[in-house]
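Have a look at the structure below, then the notes.
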Amino acid sequence: MKLIINPEFNSYSSFIESIPSIFDREGETIYKARNEIKIFSINGVIFNVKSYKVPILINRIVYTFFRATKAKRAYEYALRLLSLDILTPTPVAYIEEKQNGLLSHAYFISLHTPMEGNLRLFGLPNNSFEETKDLAIAFAQYTAHLHEKRVLHIDYSPGNILYEKRDDGSYNFSLIDINRMKFCDVDMQTGCANFARMWGSDQFFETIAYAYAKERGWNEKICKKIVFEARDEDRKQRKKKEEFKKKIRPLLKK
């Protein structure tokens, strides 16, 4: 087992080391799909533990010999984001386990964030955009600041951006699910296309396109065009994937 602990949390090493043996039977599950996330309360401190699904054989080989695991990337990227004053849950540790010489289980441990809001609200049927317009503008400005700091979240989807409203009416944002990141210059095409996986009305996308363009000093109409084209292409690709899944499911059952 490979275990890397943030020195700030060495006092919790016994708990962290026990995670592989206790994860299945202890903790409170807050998310379970391809991966599973549980929270553990230890001496009043709440830890968020993400257990990654065991990869298929080819990926087990890749993650063992050629590429950093998702857990390692999540840990290292979190440290890098925090060094740039970009909020993300504080990284505590990551664990990698091998079976027959290949990666099997991996865990990423962080402090549990108190932020509960995420941007899925923009895609809800009962969402009143006028009531959340300020949040949309703040989100676009936040994204511009990320990109200006050469941070590009590849999986930039509504559930991976948390927010909270400050007492003064402004907003804090925090990035989660950060194992897919790039640290590079972000040009207009790439930056505007980064909104493709968001949910919301045409009004929402127009608002964030204009606010993002203004923040970066770019042409608003061109940004809007790129944002809408990227969104439509993403939706088209998702539809194709769903249609393929519907066709393949009956064959897999035979």
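The values are calculated or read from the model by the stated rules, or taken from the named source; none is laboratory data. Note that the structure is predicted; figures quoted are calculated from it, not measured. Cβ sites come from the backbone with ideal geometry, for glycine too, and all protein chains shown count toward neighbours. These area figures cover heavy atoms from the full protein model, side chains too; ligands, DNA and RNA do not enter into them. Shrake-Rupley method; radii C 1.70, N 1.55, O 1.52, S 1.80 Å.
Filtering segment 99-128 down to residues that are farther than 23 Å from Glu8 by Cα and in contact with a Ser or Thr (Cβ under 6 Å, 6 or more places away or on another chain), which residue is surrounded by the most Cβ atoms within 10 Å (Cβ to Cβ)?
Restricting attention to segment 99-128, the residues satisfying the condition of being farther than 23 Å from Glu8 by Cα are 99-105, 116-128.
Remaining after also requiring in contact with a Ser or Thr (Cβ under 6 Å, 6 or more places away or on another chain): 102-103.
On the way: Leu102: 16, Leu103: 22.
Applying the filter and picking the extreme gives Leu103.
Restrict the check to segment 10-18 and report whether at least one residue is touching a residue at least 24 places away in the same chain (Cβ under 8 Å) and either in contact with a Leu (Cβ under 8 Å, 6 or more places away or on another chain) or of a type in the set (D, E, K, R) (or both). Outline the logic, then answer.
Going through segment 10-18, the residues touching a residue at least 24 places away in the same chain (Cβ under 8 Å) turn out to be 12, 15-16.
Now drop any that are not either in contact with a Leu (Cβ under 8 Å, 6 or more places away or on another chain) or of a type in the set (D, E, K, R) (or both), which leaves 16.
Looking for residues that are touching a residue at least 24 places away in the same chain (Cβ under 8 Å) and either in contact with a Leu (Cβ under 8 Å, 6 or more places away or on another chain) or of a type in the set (D, E, K, R) (or both), one finds at least one in segment 10-18, hence yes.
Restricted to segment 32-49, and to residues that are in a strand (DSSP E or B) and of a type in the set (A, V, I, L, M, F, W, C), which residue is most open to solvent (accessible area, probe 1.4 Å)? Break it down into steps so the answer makes sense when it comes.
At the first step, the residues of segment 32-49 found to be in a strand (DSSP E or B) are 32, 36-42, 45-49.
Narrowing further to those that are of a type in the set (A, V, I, L, M, F, W, C): 37, 39-40, 42, 45-47, 49.
Details: Ile37: 32, Ile39: 33, Phe40: 13, Ile42: 43, Val45: 39, Ile46: 75, Phe47: 0, Val49: 0 Å².
Across segment 32-49, the extreme among qualifying residues is Ile46.
In segment 64-76, which residues are under 21 Å from Ser110 (Cα atoms) and crowded, with 16+ Cβ neighbours inside 10 Å? Working first, answer last.
In the first step, residues of segment 64-76 are kept if they are under 21 Å from Ser110 (Cα atoms); the result is 68-76.
Within segment 64-76, Thr69, Lys70, Ala71, Lys72, Arg73, Ala74, Tyr75, Glu76 qualify.
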request  = Mind listing whichever residues of segment 160-188 are in a strand (DSSP E or B), of a type outside the set (A, V, I, L, M) and open to solvent by less than 50 Å² (accessible area, probe 1.4 Å)?
outcome  = Tyr163, Tyr171, Asn172, Phe173, Ser174, Phe183
query = Assuming Tyr142 fulfils every condition listed in (1) open to solvent by 70 Å² or more (accessible area, probe 1.4 Å); (2) free of Cβ contacts under 8 Å to residues at least 40 places away in the same chain; (3) under 17 Å from the mean Cα position of the chain (by Cα) apart from one, which condition is it?
reply = (1)
query = Tell me, which residue of segment 10-31 that is aromatic (Phe, Trp, Tyr) and open to solvent by 30 Å² or more (accessible area, probe 1.4 Å) is modelled with the lowest pLDDT?
reply = Tyr31
task = Among the residues of segment 145-159, count how many are open to solvent by 20 Å² or more (accessible area, probe 1.4 Å) and under 16 Å from Asp187 (Cα atoms).
result = 5
